[in-house]
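The values are calculated or read from the model by the stated rules, or taken from the named source; none is laboratory data. Given the structure is predicted, the values throughout are model-derived calculations rather than measurements. Backbone-built Cβ (ideal geometry, glycine too); neighbour counts: all protein chains shown. Please note that ligands, DNA and RNA were not included when accessible areas were found on the heavy atoms of the full protein model with its side chains. Shrake-Rupley method; radii C 1.70, N 1.55, O 1.52, S 1.80 Å.
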Amino acid sequence: MSKRVLITGGAGFIGSHLTLYLLHRYPEYEVIVLDALTYAGNRANLREAEGNRRFHFLHADVRSRDAVQEAMQGVHMVVHLAAETHVDRSILNPDAFITTDVYGTFVMLEVARQVGVERFLHVSTDEVYGPAETAACAEDAPMRPTSPYAASKAGADLLAQAYHKTYHLPVLIVRPSNTFGPRQYPEKLIPFFVTRALNDLPLPLYGDGKQVRDWLYVADHVRALDIVLHKGQPGEVYNVAANNERTNLEITHKLLQILGKPEALIQFVQDRPAHDRRYALNTDKIRALGWQPQADFDTALRETVRWYVQNRDWWEPILQQQTEYRQFVEQWYGVRGQTVSGR
Ligand code: NAD
Ligand code: TYD
């Protein structure tokens, strides 16, 4: 059946993968991307969709009720991904996290309620749980966010739950773990380190580098969004992770090995404030819907690195644009700015 799907944040990393996936998988769907094209948004991420008559792009902000109202007319399903997403930026300057992640989500929910959409998939994050102490967090674990990013996402997550309980809006929530793959903005660990290593720049590992993240390949993440959107139970929350727990140090060693770069590039720097030691999720619920990860972690990591090696024209202009932020972060963490010789 023909459906109109609205994807917010579709010009970003995960949103662009989801847009291309839905257009391909559901030939009867129309996909509308609403994106403000912040520093993290990039029309080039949607190049493969341009020219497709079932694809529409709206340059708009989720904080603008008028724009969201216009975008949601005739829409059956919403996938809300638009957000400020980088923890370090949220520590440096939290304002946009509050306005976009919390208030922007409120606008999306409020308009969805008025329009009466069939499904509203809210993309939250595992970071809302805060650090996992021993056991993996199930969906009913308490939220203990520690960064302004995680706290703003927790606020959005709770609002989404409230809209289901109060107004019976058919809200579904996913809480995915750290995701990686092609087209991820080069400020997040994996693309940041790959692009820096390719330029022989030091790789700043925060603290002792023994923090653990559970890595999820973007193709598996997108299939999880598809399954929850179509098969999830409204009002329910679904964790998404692939059981690839690795320390940051292990990831860094692997990247250097794949790239054939020296260990001398590793630079231990001061720790991130309130740095969560480990994220770990129980994923029984989404697996019961029929989802399971397909990617082999090492293969997916090699593929991702290969994409960055082959697509310098995608990331080099980005690195030039963000020199101010880079300099700030380098100063803040005490990172060496100069290249490291001795390959
Ligand atoms: P991203 O930073 O790559 O992209 C975010 C997109 O949102 C960009 O295209 C940006 O232009 C757009 N945007 C930002 N503010 C906006 C606004 N006010 N109005 C409209 N558009 C706006 O993010 P991502 O990594 O693709 O993450 C997408 C979603 O998934 C986010 O909600 C994030 O919290 C969640 N998530 C990400 C990860 C991960 O590891 N990347 C893991 C779990 C959950
Ligand atoms: P990041 O990609 O920022 O994701 P998140 O903070 O949302 O998990 O960071 C992943 C891990 O890598 C996190 O433990 C912080 C660490 N990290 C570094 O050690 N150095 C860096 O330069 C960056 C960007 C991250």
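Tell me, how many Å apart are the Cα centres for the stretch 190-222 and for the stretch 248-307? If you average the Cα positions of each part, the centres end up 6 Å apart.
With the helix formula -39500 (n - 2.57) applied to DSSP H stretches of n ≥ 4, the chain reaches a computed 222 nm mean residue ellipticity of -12000 deg cm²/dmol.
Tell me the angle of helix 248-259 to the major Cα principal axis of the chain, expressed in degrees between 0 and 90 and rounded to the nearest ten. Around 70 degrees separate the two axes. Summed over the residues of the stretch 215-342 and divided among them, the accessible surface reaches 49 Å² per residue at a probe radius of 1.4 Å. Taking only Cα atoms, what is the 0 to 90° angle, nearest 10, from helix 148-167's long axis to the longest principal axis of the chain? Once rounded, one gets 10 degrees.
If you take every DSSP beta bridge fully contained in the chain, what fraction is antiparallel? Give it as a percent rounded to 5.
Close to 10 percent.
FRET efficiency for Glu324 and Gln267, Cβ-Cβ distance as r, R0 = 30 Å, nearest 0.05? Efficiency, from the Cβ-Cβ distance: 0.90.
Which value, in nm² and rounded to one decimal, describes the direction-averaged projected area of the C-alpha convex hull of the stretch 19-128?
Orientation-averaged projected area of the Cα hull: 7.5 nm².
Element breakdown for the chain at a 1.4 angstrom probe: carbon and sulfur atoms account for 49% of the accessible area. Taking the longest Cα principal axis of the chain as reference, the axis of helix 323-333 is set at about 70 degrees.
When every Cα-Cα distance of the chain is counted in 20 angstrom steps from zero, the calculated P(r) takes the values 31, 60, 9, 0 percent. Relative to one another, the C-alpha centroids of the stretch 111-143 and the stretch 36-85 are positioned 21 Å apart. Shown here is the pair-distance distribution of the stretch 46-107: with all Cα-Cα distances grouped in 10 Å bins from zero up to the longest one, the shares run 19, 41, 31, 10, 0 percent.
Relative contact order, whole percent, for the stretch 1-48 stands at 48, derived from Cα pairs under 8 Å and 6 or more residues apart.
A Cβ-based charge dipole, computed about the Cα centre of the stretch 184-308 with Lys and Arg at +1 and Asp and Glu at -1, lands at about 40 debye. Taking the Kirkwood radius as Rh and the Cα radius of gyration as Rg, the stretch 254-343 has a ratio of Rg/Rh equal to 1.05.
Could you list the square roots of 5 times each eigenvalue of the Cα gyration tensor of the stretch 145-222, that is, the equivalent ellipsoid semi-axes, sorted largest first and rounded to whole Å?
Output for the stretch 145-222: semi-axes of 33, 15, 10 Å.
Size of the dipole of the chain about the Cα centre, Lys and Arg at +1 and Asp and Glu at -1 on the beta carbon, nothing else charged, in debye to 20? Intermediate values should be presented prior to the final figure.
Numbers: 37 positive and 40 negative charges, 85 e Å.
Charge dipole, the chain, about its Cα centre: 400 debye, nearest 20.
Other residues within the sphere of radius under 10 Å centred on the Cβ of Leu34, judged by their own Cβ, net out at -3 (K and R +1, D and E -1).
Each of Ser16, Ala82, Ala132 was scored by the projection of its Cα onto the charge dipole of the chain, and the greatest displacement toward the positive side belongs to Ser16; charges sit on the C-beta of Lys, Arg, Asp and Glu. The length gained by stretching the chain between His275 and His59 to full extension, at 0.36 nm per residue less their Cα-Cα distance, is 74.3 nm. Considering all different alpha carbon pairs of the stretch 31-82, the Kirkwood hydrodynamic radius works out to 11.9 Å.
Taking a straight line from the alpha carbon of Lys165, these lysines sit under 24 Å away, with near neighbours fewer than eight places off in the same chain left out: Lys153, Lys231, Lys285.
Excluding ligands, DNA and RNA, the accessible surface per residue across the stretch 1-136 is 40 Å² with a 1.4 Å probe. Mean projected area of the Cα convex hull of the stretch 1-55, taken over all directions, amounts to 3.3 nm². The order of the peptides 225-233, 91-99, 155-163 by mean Cβ neighbours within 10 Å, most packed first, is 155-163, 225-233, 91-99.
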